[in-house]
Each structure stands twice: as C-alpha cells, then as structure tokens.
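Worksheet: one structure, shown below.
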Amino acid sequence: MIKFIATDLDGTLLDEQKRLPAEIFPLIEELHRLGVLFAPASGRQYANLQQLFAPVADKVLFICENGALVAYQGKTLYCNPIADEALPAALDEIRALPHLFPMLCGSGCAYIENDDEPFYGYATHAYTNCKRVNSLNEVIGKEAVCKIAVYDGISAAENCMKHLPQRLPALRTIISGYDWCDVSSPTANKGEAIRFIRNAFHLKKEECAAFGDHMNDYEMLLECGEAYVTENAYPPLKKIIHRTVPANTEGGVLLMLDEMLKQIKGE
C-alpha cells in the first residue's frame, strides 16, 4: 500500500498559470488522516512552499531546492549545501557566460545581484524570501547555500547546459525548466532526498509514489515504486518513465491522487 506520495510542482501539479489547485488541500487532509505522507518536491525554497501550502503546512513534508533541503513541521531534517569554498569560482564561471543570471538559494533566503527583467520578476515571484544585494559573493558564509539557480535568457537546453557542466565539473548542473538550470552539490537531488525520507520514516520503495515532468525529477522517480510523468513532460524523461497521467493543464496528478485514495481505502 502507498504510504508516501511526492510530486513536483511547476509543470506537474500546478496549472498553466502556476497556480496550486484548491482541490489539493482536502486530498492532503484525507491522505494525512489515512497515514499517508504527502510531499511537494520542488526547486522552490522552503518559505515559498510553506506559503503555497499554508492551509496544510503542518501535515506536509517539504522537499525544497531540488532535494537539497527537507523540512517537516517547522524543522529542517536534511540539508546538502554547496561547499562555501566552491561558490566564488562557480559564480565567476556563470557570470563569464552571456545571458546567464545567477541566484544564490540559501537555506532561508534567496539572493540576486541584478534587477534585469524578466529575471528579476521570475526570481521575486518564485522566491518568497528574496533579497537584492550588490554582489552574491558578499552572501557566502552567511548561511548554507542549497543551490545556484541560473536563469538563461536564451534557453537552458541550448545555452547554459552546453557550457556549464564542463566549466563546473565538481558540481551538479541540471536543467530544471525551459529557461532555468540548477547548480548544486554533486550529491544533492530529489532522489537523495527521497532516500533520506525512506530511511527516516521507515518506508519501502514500493510504498512510495512520485510525479514529475522534468529531468530534475528523474532521480526521485527512480526512488519510488510507482513513478508517473505528466503528458506534458520533457520528452527525454517520458522515454524513460513510461507511466503517464494527463497534463498539468488537465489536473492529471489530482486525478491519480483520487484513484490512489480509493485504492488505499479499499474502494
């Protein structure tokens, strides 16, 4: 029986306007009543996820910053940050490439060093706690940095992913959206977070389910016995994960959660 469900948000659970469907809240309440742990698994920060899921925040386990941070009931259970000494060189490499805009995603706050649009609007919308600083270097050492989110003014697949992995071989660089990629600790990903959660909550792989739509969900999907991608998922991921649910625009995850609830209740 399923005891744990994780889902990506943007492109998976959220609709085309990046809104969380209101129907998710009673579903989470019911899952909680039945002893099933629900986890939003996102590249977003903890503060933003808490705000998004405010009505049920005490009943939800949060997988934040693409798996670099896990929090539950107001406590950080797990954090896998980038080493401080690796940050200056990484920022220099990102700044050296045109059309790239770095954002340091700390455990409590995100930091940006320019206000160019549309980057500034995207950053401040997605990150509830976000500060503009003169230089990101001045932030290093003040708090754990979960990842460097990089906005690409061209296309992440066509630009930064062709250059950054070679320039940053000691870190993990992965595409996280059409115009975003994430740079993190080499061992930070949603799959490692799921592995930690399975151990901490004594869950078997076959008791876990997950939903995703992009390559930053890949490891998470592999760590769960039931793995699904939305019909709108990144084509290379759909070739690997063959179970699909309807697109996020059609509420595919909600439909599958309804089915799972029926199975859990034996209906």
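The values are calculated or read from the model by the stated rules, or taken from the named source; none is laboratory data. Nothing here was measured: the structure is a model prediction, and the numbers come from that model. FYI the Cβ positions are ideal-geometry reconstructions off the backbone, even for glycines, and counts take in every protein chain you see. These area figures cover heavy atoms from the full protein model, side chains too; ligands, DNA and RNA do not enter into them. Shrake-Rupley method; radii C 1.70, N 1.55, O 1.52, S 1.80 Å.
So what does the Cα-only Debye profile of the range 125-242 read at q = 0.12, 0.17, 0.24 Å⁻¹, as log10 I(q)/I(0), no solvent term?
-0.54, -1.01, -1.37
By the gyration tensor of its Cα atoms, with a ≥ b ≥ c the square roots of the eigenvalues, what is the shape of the range 69-128: rounded for a/c under 1.5, prolate for a/b over b/c, or oblate?
Details: a/c = 3.51, a/b = 1.38, b/c = 2.53.
It comes out oblate by the Cα gyration axes.
Roughly how many nanometres apart are two label points built 7 Å out from the Cα toward the Cβ at GLU206 and HIS99?
Calculated label separation equals 4.8 nm.
5 Å is the cut-off here: which amide hydrogens, built 1.01 Å from N in the peptide plane, fall below it relative to VAL245, excluding neighbours closer than 5 in sequence?
Under 5 Å from the amide H of VAL245 lie the amide H atoms of VAL229, THR230, GLU231, each far enough along the sequence or on another chain.
Spelling out what I want: for every residue of the range 191-202, take phi, set θ = phi - 60°, compute 6.51 cos²θ - 1.76 cosθ + 1.60 (Karplus), and round to whole Hz; glycine and proline get x.
x, 5, 5, 5, 4, 4, 4, 4, 5, 5, 10, 6
Expressed in whole Å with the largest first, what are the equivalent ellipsoid semi-axes of the range 10-114 derived from the C-alpha gyration tensor as the square root of 5 times each eigenvalue?
31, 17, 10
Using the structure shown, select from LYS75/LYS239; LYS162/LYS205; LYS3/LYS190 the pairs with a Cα to Cα distance greater than 27 angstrom.
Numbers: LYS75/LYS239 37 Å; LYS162/LYS205 34 Å; LYS3/LYS190 18 Å.
Checking Cα-Cα distances, LYS75/LYS239; LYS162/LYS205 exceed 27 Å.
Hey, what's the chain come to in accessible area per residue, 1.4 Å probe, Å²?
Details: 11360 Å² over 267 residues.
Per-residue value: 43 Å².
Would you kindly derive the ³J(HN,Hα) couplings of the range 214-226 from the backbone phi angles with the Karplus curve 6.51 cos²θ - 1.76 cosθ + 1.60 (θ = phi - 60°), listing them in order in whole Hz, with x for Gly and Pro?
So the J values, rounded to whole Hz, are 9, 5, 6, 9, 4, 5, 4, 5, 5, 8, 10, x, 10.
From the phi angles alone, apply the Karplus equation (6.51, -1.76, 1.60; θ = phi - 60°) to the range 162-173 and give each ³J(HN,Hα) in whole Hz, x where the residue is Gly or Pro.
Using θ = phi - 60°, the values come out as 7, 10, 5, x, 6, 7, 10, x, 8, 10, 9, 10 Hz.
From largest accessible area down, sort TYR122, TYR78; use a 1.4 Å probe on the protein chains.
Ranking TYR122, TYR78 by accessible area, largest first, yields TYR122, TYR78.
With the full set of protein chains in place, find how many percent of the accessible area of the chain is carbon and sulfur; take the probe as 1.4 Å.
The computed percentage sits at 51.
Given R₀ = 22 Å, FRET efficiency for ALA170-GLU143 by Cβ-Cβ distance, to 0.05?
Working: r = 21 Å, r/R0 = 0.96.
My answer for the efficiency is 0.55.
Quick one: dipole size for the range 119-159, taken about the Cα centre, charges +1 on Lys/Arg Cβ and -1 on Asp/Glu Cβ, in debye to the nearest 20. Before the final figure, lay out the partial values.
On the way: 4 positive and 4 negative charges, 40 e Å.
Using only the charged Cβ atoms, the result is roughly 200 debye.
Given R₀ = 35 Å, what would the calculated FRET efficiency be for LYS239 paired with ASP115, taking r from the Cβ atoms and rounding to 0.05? Write out the running numbers ahead of the final one.
Details: r = 39 Å, r/R0 = 1.11.
It comes to 0.35.
For the pair THR249/LEU77, report the inter-label distance in nm, with labels modelled 7 Å from Cα in the Cβ direction.
3.5
FRET efficiency for MET1 and GLU231, Cβ-Cβ distance as r, R0 = 35 Å, nearest 0.05?
0.85
How far apart, in nanometres, would the label points at LYS162 and LYS265 be if each is projected 7 angstrom from Cα along the Cα-to-Cβ direction?
5.2
For the chain, what is the calculated [θ] at 222 nm in deg cm²/dmol (nearest 500), taking -39500 (n - 2.57) for each run of four or more DSSP H residues and dividing by its residue count?
That calculation yields -8000 deg cm²/dmol at 222 nm.
Per 0.36 nm of contour for each residue apart, how much would the distance between HIS125 and ALA89 grow if the chain were fully extended, relative to their Cα-Cα spacing? Walk me through the numbers before you get to the answer.
Working: separation 36, 0.36 × 36 = 12.96 nm, distance 2.75 nm.
Working it through step by step, the gained length comes to 10.2 nm.
Go through 246-254, 174-182 and give me the packing order, highest mean Cβ count within 10 Å leading. Kindly include the intermediate steps, with their values, before the conclusion.
Details: 246-254: 19.0, 174-182: 21.8.
So the peptides 246-254, 174-182, ranked by packing, come out 174-182, 246-254.
In a Debye calculation with equal point scatterers on the alpha-carbon sites of the chain and no solvent, what is log10 I(q)/I(0) at q = 0.08, 0.09, 0.11, 0.16 Å⁻¹?
With one equal scatterer per Cα and no solvent, log10 I(q)/I(0) is -0.30, -0.38, -0.57, -1.21.
Which order do peptides 39-50, 158-169 fall in by mean Cβ count within 10 Å, highest first?
39-50, 158-169
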